[in-house]
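These notes concern the structure reproduced below.
The values are calculated or read from the model by the stated rules, or taken from the named source; none is laboratory data. This one's a predicted model, so the numbers in the text were calculated from it and none came from an experiment. Cβ placement follows ideal geometry from the backbone for every residue including glycine, while neighbour counts extend to all protein chains displayed. Heads up: the accessible areas ignore ligands, DNA and RNA and are worked out on the full protein's heavy atoms, side chains in. Shrake-Rupley method; radii C 1.70, N 1.55, O 1.52, S 1.80 Å.
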Amino acid sequence: MSHKPLSEQDYQRLSATLARFAGHGCMNLERLDGFFAALLAGPEAVRPAECLPLILGDAFDDESAFPSEKALEQFVALLRGHWQDIAEALKQGEFQPWLDADAAGQTTGNDWAEGFASGMELLNDDWGLLFDSPDNAPLLEPIMILGFERHPDPEMRPFVDAIDAETRAELLASLSPSVHGIHDFFAAIRRQLEQEEQELEREEPRRPH
């Protein structure tokens with residue numbers, strides 16, 4: 001069965017629903033995109049439905065958040081569609097982060113990177129494999145810089161001064177290659193583990209009948 005991407009209207013509906021719950025700590029579409037990108041590119045895929053509490057924030061426990069069960073199902077279907085859009089883009093080597101302009105008309109990438117960092121936290125130990133890889137750890141640099149730029153603790157921020165426009169443009173341009181590189185890194189690890197398991201199965205002595 002071929003994948004049918006979400007339409008522009010679908011994305012408008014998804015964005016509007018997320019915005020409706022902004023006061024409940026719900027993710028916006030840019031943050032959601034980064035969150036899903038981390039889950040799909042990372043060590044092990046975590047399904048969207050399993051993450052509803054993190055996506056919706058306090059609205060998850062609000063029984064009046066959706067007018068009907070059908071409305072909730074439609075929302076989950078939109079989440080699943082966006083998830084599949086990202087998965088297909090990664091598969092085809094065509095992933096581009098969803099970046100929205102802020103109220104001042106600036107595209108900062110902070111929400112996206114913070115969403116990615118939130119996704120990493122779900123499988124924090126497994127992400128250590130990437131941090132410990134000298135050749136591949138730099139893939140995380142643009143994500144971490146943007147993800148911690150607004151950290152409440154100044155000591156956790158990557159720069160003392162604000163990121164200049166040229167540097168920010170370079171960081172934003174690096175997001176897509178970084179996500180693809182991270183995806184390839186963990187995909188290679190999974191393939192290696194699968195091969196090792198298959199070899200072990202072949203080496204196991206057969207039990208006598």
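When the charge dipole of the range 164-204 is built from unit charges on Cβ atoms (+1 for Lys and Arg, -1 for Asp and Glu) and taken about the Cα centre, the candidate among I189, S178, L200 whose Cα reaches farthest toward its positive end is S178. Find the relative contact order for the chain and round it to a whole percent, using C-alpha pairs within less than 8 Å whose residues are 6+ positions apart. It comes to 25 percent, rounded to a whole number.
With the simple spin-label model, which puts each label point 7 Å out from Cα in the Cβ direction, the E88 to A16 separation comes to 2.3 nm.
Under the classification rounded if a/c is under 1.5, otherwise prolate if a/b is larger than b/c and oblate if not, where does the range 1-134 fall, given a ≥ b ≥ c as square roots of the Cα gyration tensor eigenvalues? Since a/c stays below 1.5, the shape of the range 1-134 is classed as rounded.
Nonpolar atom fraction for the range 96-209, defined as the carbon and sulfur part of the 1.4 Å probe accessible area, stands at 50 percent. For F36, F148, F66, the ranking by accessible surface with the largest value first comes to F148, F66, F36, using a 1.4 Å probe. Coupling constants for the range 152-161 follow from the phi torsions by the Karplus curve (6.51 cos²θ - 1.76 cosθ + 1.60, θ = phi - 60°), and in residue order they are x, 8, x, 5, 8, 6, x, 10, 5, 9 Hz; glycine and proline get x.
If R₀ is 25 angstrom, what is the calculated FRET efficiency for the pair F131 and D102, using the beta carbon separation as r and rounding to 0.05? Before the final figure, lay out the partial values.
Values: r = 30 Å, r/R0 = 1.18.
Result of the calculation: an efficiency of 0.25.
Based on C-alpha pairs under 8 angstrom that are at least 6 apart in sequence, the range 1-77 has a relative contact order of 30 percent. Per the Kirkwood formula applied to alpha carbons, the range 57-107 shows a radius of gyration over Rh ratio, Rg over Rh, of 1.13. Listed peptides 192-203, 171-182 appear in the order 171-182, 192-203 once ranked by packing, highest mean of other Cβ atoms within 10 Å at the front. Maximal additional length on extending the E155-A77 stretch stands at 24.1 nm, based on 0.36 nm per residue less the C-alpha distance. Averaged over residues, the count of other Cβ atoms within 10 Å places the peptides 149-155, 19-25 in the sequence 19-25, 149-155, highest first. Candidate membrane-span-like segments in the chain, meaning DSSP H helices with Cα atoms spread over at least 27 Å of their own axis and a Kyte-Doolittle mean of -0.5 or above, are 69-92, with no membrane implied. The largest accessible area among V160, V46 belongs to the first residue in V160, V46, and the rest follow in falling order (1.4 Å probe, all chains). In this view, the solvent-accessible surface of R190, computed with a 1.4 Å probe and all protein chains in place, comes to about 80 Å². Under the convention that each Lys and Arg Cβ holds +1 and each Asp and Glu Cβ holds -1, the size of the dipole of the chain around its Cα centre is about 660 debye. Using heavy atoms of the protein chains and a probe of 1.4 Å, the accessible area assigned to L99 is about 50 Å². Using +1 at the C-beta of Lys and Arg and -1 at the C-beta of Asp and Glu, which of P67, V46, F116 has the Cα lying farthest in the positive direction of the dipole of the range 18-139? So the residue furthest toward the plus end is P67.
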